[in-house]
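All remarks here apply to the structure that follows.
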Amino acid sequence: MTDAYTGPIPKPTPETKPFWEAAKRRKLLIQRCGDCGQHYLYPRPLCPHCLSRNVTWVEASGRGRLHTFVINHRPPRSFPLAAPFIIGIVELEEGARLMTNIIGIEPDPGKVRCDMPVEVDFHEITAEITLPHFRPSAR
Ligand SMILES: [Zn+2]
(Lines give C-alpha, C1' and ligand atoms only; values in the text may rest on other atoms or scores of the structure.)
Protein backbone atom coordinates (compact mmCIF):
# COMPACT_ATOMS: atom_id res chain seq x y z
CA MET A 1 0.00 0.00 0.00
CA THR A 2 1.30 3.41 -0.88
CA ASP A 3 0.01 6.79 0.22
CA ALA A 4 -1.82 7.28 -3.09
CA TYR A 5 -4.83 5.12 -2.37
CA THR A 6 -6.71 3.96 -5.46
CA GLY A 7 -8.88 1.22 -3.97
CA PRO A 8 -12.58 1.13 -3.19
CA ILE A 9 -13.98 3.78 -0.83
CA PRO A 10 -16.24 2.40 1.93
CA LYS A 11 -19.72 3.87 2.18
CA PRO A 12 -20.79 4.16 5.84
CA THR A 13 -24.25 2.88 6.71
CA PRO A 14 -26.21 3.57 9.92
CA GLU A 15 -24.72 0.33 11.37
CA THR A 16 -21.12 1.13 10.42
CA LYS A 17 -21.09 4.92 10.90
CA PRO A 18 -19.65 4.83 14.48
CA PHE A 19 -16.79 2.61 13.24
CA TRP A 20 -15.86 5.03 10.44
CA GLU A 21 -16.22 8.14 12.61
CA ALA A 22 -13.90 6.61 15.21
CA ALA A 23 -11.38 5.53 12.55
CA LYS A 24 -11.22 9.16 11.44
CA ARG A 25 -10.09 9.95 15.02
CA ARG A 26 -7.60 7.04 14.77
CA LYS A 27 -9.56 4.86 17.17
CA LEU A 28 -10.60 1.29 16.45
CA LEU A 29 -14.15 0.61 17.65
CA ILE A 30 -15.65 -2.84 17.86
CA GLN A 31 -18.94 -4.06 19.26
CA ARG A 32 -19.39 -5.89 22.55
CA CYS A 33 -22.39 -7.89 23.67
CA GLY A 34 -23.70 -6.93 27.10
CA ASP A 35 -25.25 -10.38 27.60
CA CYS A 36 -22.54 -12.89 26.56
CA GLY A 37 -19.54 -10.51 26.77
CA GLN A 38 -18.15 -11.40 23.30
CA HIS A 39 -16.59 -8.78 21.04
CA TYR A 40 -17.23 -8.83 17.31
CA LEU A 41 -16.99 -7.18 13.92
CA TYR A 42 -18.44 -6.46 11.36
CA PRO A 43 -20.90 -4.05 12.95
CA ARG A 44 -24.48 -5.31 13.32
CA PRO A 45 -27.34 -4.74 15.73
CA LEU A 46 -27.57 -8.40 16.86
CA CYS A 47 -24.78 -10.25 18.67
CA PRO A 48 -23.61 -13.05 16.30
CA HIS A 49 -22.90 -15.31 19.30
CA CYS A 50 -26.20 -15.13 21.22
CA LEU A 51 -28.49 -12.91 19.09
CA SER A 52 -28.88 -10.34 21.88
CA ARG A 53 -29.66 -6.76 20.94
CA ASN A 54 -27.86 -5.56 24.07
CA VAL A 55 -24.71 -4.46 22.19
CA THR A 56 -22.47 -1.42 22.60
CA TRP A 57 -19.42 0.09 20.95
CA VAL A 58 -16.09 -0.16 22.77
CA GLU A 59 -12.59 0.90 21.84
CA ALA A 60 -10.28 -1.99 20.94
CA SER A 61 -6.64 -2.14 21.97
CA GLY A 62 -5.60 -2.18 18.31
CA ARG A 63 -3.35 -5.17 18.99
CA GLY A 64 -3.85 -8.69 17.75
CA ARG A 65 -2.46 -11.55 15.71
CA LEU A 66 -2.58 -12.32 12.03
CA HIS A 67 -5.08 -15.18 11.87
CA THR A 68 -4.64 -15.85 8.17
CA PHE A 69 -3.66 -14.01 4.99
CA VAL A 70 -3.37 -14.11 1.24
CA ILE A 71 -0.91 -12.29 -0.96
CA ASN A 72 -2.84 -10.86 -3.86
CA HIS A 73 -0.89 -10.54 -7.11
CA ARG A 74 -3.72 -9.29 -9.29
CA PRO A 75 -5.16 -5.82 -8.87
CA PRO A 76 -8.92 -5.98 -8.45
CA ARG A 77 -10.94 -5.04 -11.53
CA SER A 78 -11.59 -1.28 -11.71
CA PHE A 79 -9.11 -0.46 -8.96
CA PRO A 80 -5.51 0.06 -10.02
CA LEU A 81 -4.04 -1.05 -6.70
CA ALA A 82 -0.37 -1.84 -6.89
CA ALA A 83 0.02 -5.61 -6.53
CA PRO A 84 1.20 -7.61 -4.74
CA PHE A 85 -0.43 -6.69 -1.45
CA ILE A 86 -1.47 -8.60 1.64
CA ILE A 87 -5.09 -9.18 2.63
CA GLY A 88 -5.28 -10.48 6.17
CA ILE A 89 -7.74 -11.51 8.81
CA VAL A 90 -6.61 -10.14 12.14
CA GLU A 91 -7.83 -11.55 15.41
CA LEU A 92 -7.82 -8.74 17.94
CA GLU A 93 -6.84 -9.28 21.58
CA GLU A 94 -10.55 -8.90 22.36
CA GLY A 95 -11.37 -11.88 20.11
CA ALA A 96 -13.09 -10.05 17.26
CA ARG A 97 -11.74 -10.65 13.76
CA LEU A 98 -11.57 -8.23 10.88
CA MET A 99 -10.41 -8.31 7.29
CA THR A 100 -7.77 -5.70 6.54
CA ASN A 101 -4.58 -5.00 4.65
CA ILE A 102 -1.27 -5.90 6.24
CA ILE A 103 1.31 -3.19 5.65
CA GLY A 104 4.87 -2.53 6.73
CA ILE A 105 6.11 -5.96 5.65
CA GLU A 106 7.15 -7.30 2.27
CA PRO A 107 4.34 -9.31 0.61
CA ASP A 108 6.51 -12.39 0.68
CA PRO A 109 5.17 -15.74 1.95
CA GLY A 110 8.59 -16.36 3.48
CA LYS A 111 8.24 -13.30 5.71
CA VAL A 112 4.54 -13.02 6.56
CA ARG A 113 3.39 -15.70 8.97
CA CYS A 114 0.17 -16.65 10.68
CA ASP A 115 0.00 -15.71 14.36
CA MET A 116 2.49 -12.88 14.00
CA PRO A 117 1.67 -9.99 16.37
CA VAL A 118 0.21 -6.99 14.55
CA GLU A 119 -1.09 -3.57 15.52
CA VAL A 120 -3.46 -1.11 13.93
CA ASP A 121 -2.24 1.78 11.83
CA PHE A 122 -4.60 4.32 10.29
CA HIS A 123 -4.52 5.45 6.68
CA GLU A 124 -6.58 8.52 5.76
CA ILE A 125 -7.85 8.06 2.21
CA THR A 126 -10.46 10.85 1.98
CA ALA A 127 -11.71 13.61 4.28
CA GLU A 128 -14.44 11.21 5.48
CA ILE A 129 -12.76 7.80 5.40
CA THR A 130 -9.74 6.53 7.27
CA LEU A 131 -8.91 2.84 6.88
CA PRO A 132 -7.56 0.76 9.72
CA HIS A 133 -4.66 -1.30 8.38
CA PHE A 134 -2.38 -3.51 10.45
CA ARG A 135 1.39 -3.76 10.58
CA PRO A 136 3.77 -6.10 12.38
CA SER A 137 3.89 -5.10 16.01
CA ALA A 138 7.02 -3.52 17.42
CA ARG A 139 6.71 -5.75 20.53
ZN1 LIG B 1 -23.96 -12.10 22.86
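The values are calculated or read from the model by the stated rules, or taken from the named source; none is laboratory data. All values reported here derive from a predicted model rather than from experimental measurement. Don't worry about glycine lacking a Cβ; one is built from the backbone with ideal geometry, like all the others, and counts go over all protein chains shown. Heavy atoms of the whole protein, side chains included, go into the accessibility calculation; ligands, DNA and RNA do not. Shrake-Rupley method; radii C 1.70, N 1.55, O 1.52, S 1.80 Å.
Report, in debye and to the nearest 20, how large the dipole of the chain comes out about its Cα centre when Lys and Arg carry +1 and Asp and Glu carry -1 on their Cβ. Can you show the working numbers first?
On the way: 18 positive and 15 negative charges, 35 e Å.
Computed charge dipole of the chain: roughly 180 debye.
Which order do Lys24, Lys11 take when ranked by solvent-accessible area (1.4 Å probe, heavy atoms of all protein chains), largest first?
On the way: Lys24 100, Lys11 170 Å².
The residues order as Lys11, Lys24, largest area first.
If you roll a 1.4 Å probe over the range 48-118 with all protein chains in place, what percent of the accessible area is carbon or sulfur?
Details: 2200 of 4300 Å².
Percent of accessible area from carbon and sulfur atoms in the range 48-118: 51.
For the range 78-95, in order, what is each residue's ³J(HN,Hα) by Karplus, 6.51 cos²θ - 1.76 cosθ + 1.60 with θ = phi - 60°, in whole Hz (x at glycine and Pro)?
Working through the residues one at a time gives 6, 10, x, 6, 6, 8, x, 9, 9, 9, x, 10, 9, 9, 6, 3, 6, x Hz.
Would you please classify the overall shape of the range 67-128 from the alpha carbon gyration tensor, given that a ≥ b ≥ c denote the square roots of the eigenvalues, rounded means a/c under 1.5, and beyond that prolate means a/b larger than b/c while oblate covers the rest?
Note, shape of the range 67-128 comes out oblate.
Pull up the cross-link candidates among the aspartates and glutamates for Lys27, meaning alpha carbon to alpha carbon under 20 Å and not fewer than 8 places away within one chain.
Qualifying aspartates and glutamates at Cα under 20 Å: Asp3, Glu15, Glu59, Glu91, Glu93, Glu94, Glu119, Asp121, Glu124, Glu128.
What does the extension gain come out to for Glu21 and Ile87, with contour length at 0.36 nm per residue minus their alpha carbon separation?
On the way: separation 66, 0.36 × 66 = 23.76 nm, distance 2.29 nm.
Between Glu21 and Ile87, full extension yields an extra 21.5 nm.
Order Ile103, Ile86 by their accessible area, 1.4 angstrom probe, all chains in place, largest first.
Ile103, Ile86
Using a Förster radius of 35 Å, what is the FRET efficiency between Arg53 and Asp108 based on their Cβ-Cβ separation? Nearest 0.05, please.
0.20
Taking the full set of protein chains and a 1.4 angstrom probe, give the accessible area of Arg135 in square angstrom, rounded to the nearest 10.
80 Å²
What's the Kirkwood radius of the chain in Å, using all Cα pairs?
After inverting the mean inverse Cα-Cα distance, the result is 15.7 Å.
Only four residue types carry charge here, +1 at the Cβ of Lys and Arg and -1 at the Cβ of Asp and Glu. Report the dipole size of the range 1-83 about the Cα centre in Debye, rounded to the nearest 20. Show your work: numbers first, answer last.
Values: 13 positive and 5 negative charges, 21 e Å.
The calculation lands at about 100 debye.
Given +1 on the Cβ of Lys and Arg, -1 on the Cβ of Asp and Glu, and no further charges, what dipole in debye does the range 1-41 carry about its Cα centre, rounded to the nearest 20?
Numbers: 7 positive and 4 negative charges, 35 e Å.
Around 160 debye, computed over the range 1-41.
How much area per residue is accessible in the chain when the probe is 1.4 Å and only protein heavy atoms are counted (Å²)? Intermediate results must be reported in sequence, preceding the final value.
Working: 8160 Å² over 139 residues.
That works out to 59 Å² per residue.
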